[in-house]
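Notes follow the structure.
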Amino acid sequence: MQPTKPHGVLFRTWALACLSLVWGFASAGGPPDEDVYGFDDAVQPDSVDYPDWFNEPFLDLPDDLKQAVDGGKQGLMVYFGQKRCAYCHKLMKVNFRQPDIVEYTRKHFDVVPIDIWGVDEVTAMDGSVLTEQDFSYREKTTFTPTIIFYDKQGKEVLRLQGYYPPYQFRAALEYVADAHYLEEPFHSYLARGDNRMVFDAADMNEEDFFSPPPYNLDRSRVPSDRPLAVFFEQGDCHGCDVLHGQSLIEPAIHDLFEQFDNVQLNRWGDTQVITPEGQATTARQWADDLGLFYSPALVFFDGGGKEILRVDSVVGFYRLRNVLNFIVTKAYLTEPNFQRWRDSRVY
């Protein structure tokens, strides 16, 4: 079943522009898929270098926002990263080396960098003053890079947690700059311009630890002693292929998933599901309710059906192993902040 798409000149123009950006990126000799998805996500030997057009980090966000608005910008991007993070390197070396992304970002936003390990003081949008690290904890920047978009009034309107390929990143920039957040959630906006959506579940990868249907995941009545991992995927999904063909074939990752109940759902399918909270729905509607816009997305629940965290951006071996260890050791019971737990283990 194809998703309903709006009609009109505005949408057709937007969709064609998105497609031309994607095709142009490929034809212009952009980075191959393995550079975007299949990279070593271990701690990097070199520090991240910010583009020279990033703001000087004075770290007074209300003042930074005022300067951005006075300069004709649509808002502020606050980038949370760490110096040797592989995903932060990818953002700088892939996305922020695409001329169209750089031009569009500079036209519509000022960018303020935050070091999640930093000790410099930050004045947040609400006027509170914290260190960079404490501010990162408070904002629950689970994965680096995290980018928070603020509108002209200083309201958070979109958050990207983790690294996203250029296609989704371009769409996020346009979504905020053109104030589409006033009309629809980001996953709906992205789906309207995505001609790559495939609804055939037969194209999806299989794993021996996936549970078969029917999908009664209700844990609200009878708790489980095992955590639950729900894989939201789709056909014709390169990111899904990389997840299955690289990380999931690693014995350490495979063995950790053996300690979970695991379910794979076609993100765009009409498969009937009873959610961990006991609600009857479909896979597609549940993904929409969760606000998922990236495939593959892995959403993790505890034995009582409460979401622990989610991974809905590009993920490699080391990050995924950290997430799984956080859950199977039940570290979330004593330290619910994954970032703080991860930092205590020196990334």
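Label LYS107 and ASP134 with points 7 Å out from Cα along Cα→Cβ: what is the distance between them in nm?
Calculated label separation equals 4.1 nm.
On average, how much accessible surface per residue is there in the chain, in Å², for a 1.4 Å probe, leaving out ligands, DNA and RNA?
Working: 15830 Å² over 347 residues.
Roughly 46 Å² per residue, with all protein chains present.
Determine how large the accessible area of ASP40 is when every protein chain is in place; take a 1.4 Å probe and give Å² rounded to the nearest 10.
The accessible area of ASP40 comes to roughly 100 Å².
If ligands, DNA and RNA are left out, what is the accessible area of TYR104 with a 1.4 Å probe, given in Å² to the nearest 10?
Here the accessible area works out near 60 Å².
Using a 1.4 Å probe and ignoring any ligands, DNA or RNA, find the accessible area of LYS93 and quote it in Å² to the nearest 10.
Here the residue's solvent-accessible area equals roughly 110 Å².
What is the percent carbon and sulfur in the accessible area of the chain, measuring with a 1.4 Å probe over the protein chains and ignoring ligands? Let's see the in-between values first.
Numbers: 7810 of 15830 Å².
It is 49 percent, rounded to a whole number.
How big is the chain in terms of Cα radius of gyration and Dmax, in angstroms?
For the chain, the Cα radius of gyration and maximum Cα-Cα distance read 20.1, 56 Å.
Reachable lysines from LYS66, Cα under 26 Å, same-chain residues fewer than 8 places away excluded?
Correct list for LYS66: LYS107, LYS140, LYS152, LYS155.
Does the stretch 60-154 come out rounded, prolate or oblate by the C-alpha gyration tensor, with a ≥ b ≥ c the root eigenvalues, rounded set by a/c under 1.5 and, if not, prolate when a/b is larger than b/c and oblate if not?
Details: a/c = 2.34, a/b = 1.04, b/c = 2.24.
Oblate.
Cα centroid distance between the stretch 287-340 and the stretch 229-282, in Å?
Centre-to-centre distance over Cα atoms comes out at 12 Å.
The values are calculated or read from the model by the stated rules, or taken from the named source; none is laboratory data. Please read all numbers here as calculations on a predicted model, not as lab measurements. FYI the Cβ positions are ideal-geometry reconstructions off the backbone, even for glycines, and counts take in every protein chain you see. With ligands, DNA and RNA removed, areas are computed over all heavy atoms of the protein, side chains included. Shrake-Rupley method; radii C 1.70, N 1.55, O 1.52, S 1.80 Å.
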